[in-house]
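The values are calculated or read from the model by the stated rules, or taken from the named source; none is laboratory data. Please read these numbers as outputs of a predicted model, since none were measured by experiment. Using ideal geometry, Cβ is built from the backbone for each residue, glycine included, and neighbour counts are taken over all protein chains shown.
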Amino acid sequence: MYTYDSNLADIFTANVCRFFANPGTVWTAADVFNEIAEWTVLPKTTRQTLSQIVTSGLVQESYHLYLASSIGIDAFTSISFLARTLAEAEVEKLLDPLTPLNQKFLEIMLFLLDTEMSSRTFNFWASFAEASVDIGDGHQGDFWLQQVLPKLLEKSVWRDDLDYEEWSAYRADVVEVFEAICEVLERDTLNSVVTEWLDAVARKEDSEAKVVVSILSEKC
C-alpha cells in the first residue's frame, strides 16, 4: 500500500505514457496509478490517457502472459485493478453514451469475470445494473447483463480443484450480484438466459450446476 503524496502523484501524471511504454515500469505504474485514483480524482487528461492505455488490449495481453508464466499474478492483478478502478469511477456514464471506449471497458470487465479477478468485478456489475435502470428505457444495459449471468453461473459450480471455503464465499457474493441483475432484467429475459445455460448443462449432465441455478433462481 502506497502512502499518498501529491508531489509523487504530479510526477506520475506528467509521465503516464512513458511509464506504460517501458516494460520495466508498466506493472508498477499500474499499481501506483491505481493507488492514486483511489485516493484522489485524477486530472481529466490523465484519466483519458490511462483509459486509452488500459483499453488497448493490455489487460487481456497481461492475462495471457500470466498464463504463460511470463509474468506473475501480482503483475496481472495490478493492471486488472487499475482497469476496475477506472471503470467503477465511470460506471454511471458507460452507457450514456455507449462510446467505443466505454464498450471496451465493458468488454474488459466481462473478460475479468473469466479470470482469477472475477470476484473483484462484482461491485462494478452490481453498480452497473443499478445505474442502467436510470438510463433510457431502463434496459440499455440488458445486453451486457445477459452476458454476465452465464459467467456467474459457470463460476459458481463446484469443481474438485477448488478450495471449498473460497468457493463458498464466492458463491455468496454471486448471489448479491445476481439479485442486482434480477432487478433489471425482465423475467422472460432472465428465464431465457438461465434456460439456455441449463440446456448446455444438461448436455454435460452436470447435476451440481443445476443445484446452483435452483438456488439463484429463488433470489428472483
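Answer yes or no as to whether Leu198 is of a type outside the set (Lys, Arg), at pLDDT 80 or above and part of a helix (DSSP H, G or I).
It is false that Leu198 is of a type outside the set (Lys, Arg), at pLDDT 80 or above and part of a helix (DSSP H, G or I).
Pull up segment 42-70, narrow it to residues that are part of a loop (DSSP other than H, G, I, E, B) and touching a helix residue (DSSP H, G or I) at 6+ places or on another chain (Cβ under 8 Å), then point me to the one that is nearest to Leu113 (Cα to Cα).
In this case the residue turns out to be Leu42.
Spot the failing condition for Arg84; the list is (1) in the same structural domain as Ala180 (by TED's automatic domain parsing); (2) among the charged types (D, E, K, R); (3) crowded, with 19+ Cβ neighbours inside 10 Å, and only one is missed.
Unmet condition: (1).
Hey, can you tell me all the residues within segment 104-130 that are crowded, with 19+ Cβ neighbours inside 10 Å, within 26 Å of Glu186 (Cβ to Cβ) and not aromatic (Phe, Trp, Tyr)?
Of everything in segment 104-130, those that are crowded, with 19+ Cβ neighbours inside 10 Å, within 26 Å of Glu186 (Cβ to Cβ) and not aromatic (Phe, Trp, Tyr) turn out to be Leu106, Met109, Leu113, Thr121, Ala126, Ala129.
Which one of the conditions (1) free of Cβ contacts under 8 Å to residues at least 40 places away in the same chain; (2) in a helix (DSSP H, G or I); (3) over 22 Å from Thr189 (Cα atoms) does Leu101 fail to meet, given that it meets all the rest?
Result: Leu101 fails condition (1) only.
Considering only residues of segment 56-74 that are polar (S, T, N, Q) and more than 18 Å from the chain's Cα centre (by Cα), which is farthest from Thr25 (Cα to Cα)?
Taking the candidates together, the pick is Ser69.
What are the residue pairs meeting all of these: first residue in segment 147-169, first residue assigned by TED's automatic domain parsing to the domain that holds Ala129 and surrounded by 14 or more Cβ atoms within 10 Å (Cβ to Cβ), second residue assigned to a loop (DSSP other than H, G, I, E, B) and at pLDDT below 80, Cβ atoms under 7 Å, and 6 or more apart or on different chains?
Partner pairs satisfying both residue conditions: Val157/Asp206; Trp167/Trp158.
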